[in-house]
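Have a look at the structure below before the remarks.
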Amino acid sequence: MKTALFQASKLSTLDYQKIGQRLFNGATCVVPTETVYGLAANGLDPTAIAKIYAAKGRPSDNPLILHIADSTMLKQIVTDISEDAKTLMDAFWPGPLTLIFKKATRVPYAVTGGLDSVAVRMPSHPVMHALIHAANTPLAAPSANLSGRPSSTTFAHVKNDLFGRVDMIIDGGESMIGLESTVVDVSRENVEILRPGQIDQAMLEATLKKPVPYTQSTVDIPRSPGLKYGHYQPQGSVELILGDTPEIFEYLMRQTAPENTRVICPIEWAEHFSFLKVSPLGSIDDSASIMRDLYARLREMDDDDVEMIYLLARPDLNAALLDRMKKAANHHVTHLVESEDH
Ligand code: AMP
Ligand code: MG
């Protein structure tokens, strides 16, 4: 497939109209958003949606998020908007929050993986916002990566995974947040977090003025089907080690590491582990910097054919990052310090 490349900063109003028209008519386009890059297509057209699943190699029961530009679009695709949903939308839209609603009939089951609910987000990224407007339809847009790989946070990641597999790619530089949206179910009596993200539990609880628990649904009975699939795993083995530097140092000294081993840790910790090769990941007290770089670091491990990856973090790291790191480690986690949260 021929893939047309565009530079976001150079797009004219006419370009937006043309790309929007192609999207409306069933083409696929990778678009920058504030979270990670999205692989967008007309969210109300089952044929266009099938192209997303094919390009990613994604299992078709893993549902997609519909991205909207205004509240008129929301009313077209959902049936019931609770007071809690309104409060959350007022506080966090446009932004990195996805809400699960009961779906309207016009939303095809192809988008919801057969569910009667639909995931909706109003992105704040100006390019994504303009394209939804130009396409004049909600855009389904999962992360723009091959299924099972880390989400793409740079144009290079997108090109590596999807060049030749999609109709268009828009280069918007590095993703601002670098982690996928928080997913919150507002379709039932009790509001629940299905996936942690930059908008965290404390922010949601402060806004709704009540507890907002994480879902208790498990891998066996997933409320959010995406939860049952492996995610973000580099080809090498990953061990997530939670603790502080002295214990981690002692622990790593006792391991027999294979030839091609890498430590991924905050820049401030790098000197402690210089007996191994270190890839710095963000700054210890700045979780936003860790979010921005996590997927790029994980992808570099595959580029360098790293066999063993020690991913080091403090146990009080925020929930969204711990969630993605645990998935990258396929739940191989070593706790070296008892933490209040665990
Ligand atoms: P992605 O767009 O690849 O970041 O993944 C979208 C996430 O939203 C996945 O974890 C899905 O399981 C979840 N999701 C999408 N639609 C629904 C839905 N109707 N109900 C519950 N979870 C959903
Ligand atoms: Mg994804």
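With respect to (1) at pLDDT 95 or above; (2) within 14 Å of ligand 2 (Cβ to nearest atom), the lone exception for Gly57 is condition (1). Evaluating Val219 against the criteria (1) modelled with pLDDT under 85; (2) touching a helix residue (DSSP H, G or I) at 6+ places or on another chain (Cβ under 7 Å); (3) surrounded by 15 or more Cβ atoms within 10 Å (Cβ to Cβ) leaves one unmet condition, (3).
Annotation for region 297-309: no member residue is over 14 Å from Val238 (Cα atoms) and crowded, with 16+ Cβ neighbours inside 10 Å. If you go through region 43-75 and keep only what is out of contact with any strand residue (DSSP E or B) (no Cβ under 7 Å at 6 or more places or on another chain), within 21 Å of Trp93 (Cα to Cα) and buried (at least 18 other Cβ atoms within 10 Å of the Cβ), you end up with Ala69, Met73.
Among the residues of region 41-65, just one is among the aliphatic types (A, V, I, L, M), part of a strand (DSSP E or B) and either away from ligand 1 (no atom under 11 Å from the Cβ) or in contact with a Phe, Trp or Tyr (Cβ under 8 Å, 6 or more places away or on another chain) (or both), namely Ala41. In summary, His125 fulfils each of the numbered conditions (1) touching a residue at least 12 places away in the same chain (Cβ under 8 Å); (2) surrounded by fewer than 20 Cβ atoms within 10 Å (Cβ to Cβ); (3) over 15 Å from Ser71 (Cα atoms) with the single exception of condition (2).
For Ala144, the stated conditions hold: it is within 11 Å of ligand 2 (Cβ to nearest atom) and either among the small types (Gly, Ala, Ser) or touching a strand residue (DSSP E or B) at 6+ places or on another chain (Cβ under 8 Å) (or both).
The values are calculated or read from the model by the stated rules, or taken from the named source; none is laboratory data. All figures in this text were calculated on a predicted structure; none of them were measured in a lab. We place every Cβ from the backbone using ideal geometry, glycine too, and count neighbours over all the protein chains shown.
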